[in-house]
Amino acid sequence: MRIVESIARMQQLTRSLPRPVVLVPTMGALHEGHLALVDHAKKLVGRKGSTVVTIFVNPPQFGPREDYRKYPRPFKRDCLLLQNRGCDLVFAPTAANMYKPDASVTVMESQLQTVMCGASRPGHFVGVCTVVTKLFHLVQPDIAIFGEKDFQQLTILRRMVRDLNFPVRIVARPIVREPDGLALSSRNVFLSAEERQQAPLIHQALRDAENKLRLQSVSLRALENLIRRRIERASRAKVDYVAVVDPDTLQAKEPRNLPVLLAAAVFFGSTRLIDNVLVK
């Protein structure tokens, strides 16, 4: 497994990587959710292609009060995990190399990023779109794999690829969960014992809403209230948002016609967790 930090070297290698090239963008602090994406990438490339994983904690997608500085960076551990999963190349640039001090060009999606996490984290998806655009240019992948936990991000990147004509196929993979239902996240390590015990209520609330929706007709407002009340049973939970939306447009949608996405973002202390259930 090669480890590349230089942008110039990555661009040089891109020309000779065996095709297809499948990219798995990450911010490191890898868990089984990330590694499941790598496993799927290996299946897609078969014996001939290349699996490239990027490890880069991207400063522009963090707000001024968010956890950029304390975001975990166990780089050696991450590389060992990737090597054991058969990754071919790790691209791990520095922020100083990725962004010049006077950088003034960004990539912004203007519709899908105004709701949900975009409303709570202004500028976040500009950072996401910009860095993914840069990674696409640097790695030149044929396929890029993203997890469905960040469903809004996935939808925005699909729109970006469509609108900017990137020759990249976006592949989505299901959320990987702990046995109690908590979605795997690098931020779970910040939860206290009590917060960790309560955090699975997010998934339970979304599943309760899905079950209710499958049994009877229920309005958008009633479904949102049901999810919110269920989550708020956890004494440490502070709901950021609950959303019932169309999975393609991310606009609020009465759940009479499927599919519909049930999504929530919840603070446990200073740790913000997201989760969703797509009801097909």
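The values are calculated or read from the model by the stated rules, or taken from the named source; none is laboratory data. A quick note: this is a predicted structure, and the numbers were derived from the prediction, not measured. All Cβ positions, glycine included, derive from the backbone under ideal geometry; neighbour counts span all protein chains shown.
Given the options Val57, Val90, name the one that is in a loop (DSSP other than H, G, I, E, B) and not basic (Lys, Arg).
When all the criteria are applied, what remains is Val57.
Given the stretch 174-280, what helices (runs of 4 or more DSSP H) lie entirely inside it while holding 1 or more residues that are over 23 Å from Asp67 (Cα atoms) and out of contact with any strand residue (DSSP E or B) (no Cβ under 9 Å at 6 or more places or on another chain)?
By residue number, 201-215, 220-231.
From the list Val266, Val176, which residue is among the hydrophobic types (A, V, I, L, M, F, W, C), within 27 Å of Ala36 (Cα to Cα) and touching a Gly at 6+ places or on another chain (Cβ under 7 Å)?
Val176
Go through the stretch 34-54 and give me each residue that's in contact with a strand residue (DSSP E or B) (Cβ under 6 Å, 6 or more places away or on another chain) and either surrounded by fewer than 21 Cβ atoms within 10 Å (Cβ to Cβ) or hydrophobic (A, V, I, L, M, F, W, C) (or both).
Correct list: Leu37, Val38, His40, Ala41, Lys42, Leu44, Val45, Val52, Val53.
Looking for whichever is of a type outside the set (S, T, N, Q) and under 21 Å from Lys43 (Cβ atoms) here; the options are Leu80, Leu89. Which one fits?
Values: Leu80 fails: under 21 Å from Lys43 (Cβ atoms).
Of the residues listed, the single one that is of a type outside the set (S, T, N, Q) and under 21 Å from Lys43 (Cβ atoms) is Leu89.
Starting from residues that are acidic (Asp, Glu) and not assigned by TED's automatic domain parsing to the domain that holds Val24, keep the ones in the stretch 157-204 and report whichever is surrounded by the most Cβ atoms within 10 Å (Cβ to Cβ).
Per the stated criteria, the residue is Glu195.
Report, by residue number, each residue of the stretch 18-41 that is out of contact with any Asp or Glu (no Cβ under 8 Å at 6 or more places or on another chain) and part of a loop (DSSP other than H, G, I, E, B).
Pro18, Met27, His31
Looking at the stretch 104-159 only, could you name the residues that are polar (S, T, N, Q) and either farther than 19 Å from Gly33 by Cα or touching a residue at least 60 places away in the same chain (Cβ under 8 Å) (or both)?
Ser104, Thr106, Ser110, Gln111, Gln113, Thr114, Ser120, Thr130, Thr133, Gln140, Gln152, Thr155 - these are the residues of the stretch 104-159 that are polar (S, T, N, Q) and either farther than 19 Å from Gly33 by Cα or touching a residue at least 60 places away in the same chain (Cβ under 8 Å) (or both).
Read through the list (1) in contact (Cβ under 8 Å) with a residue 40 or more places away in the chain; (2) assigned to a helix (DSSP H, G or I), then give the number of the only condition that Ala8 fails.
(1)
Restricting the search to the stretch 93-105, which residues are farther than 16 Å from Ala8 by Cβ and in a loop (DSSP other than H, G, I, E, B)? Even if it seems obvious, please write down each step before you answer.
From the stretch 93-105, those farther than 16 Å from Ala8 by Cβ are 95, 101-105; that's our starting set.
Hits for the stretch 93-105 are Pro101, Asp102, Ala103, Ser104, Val105.
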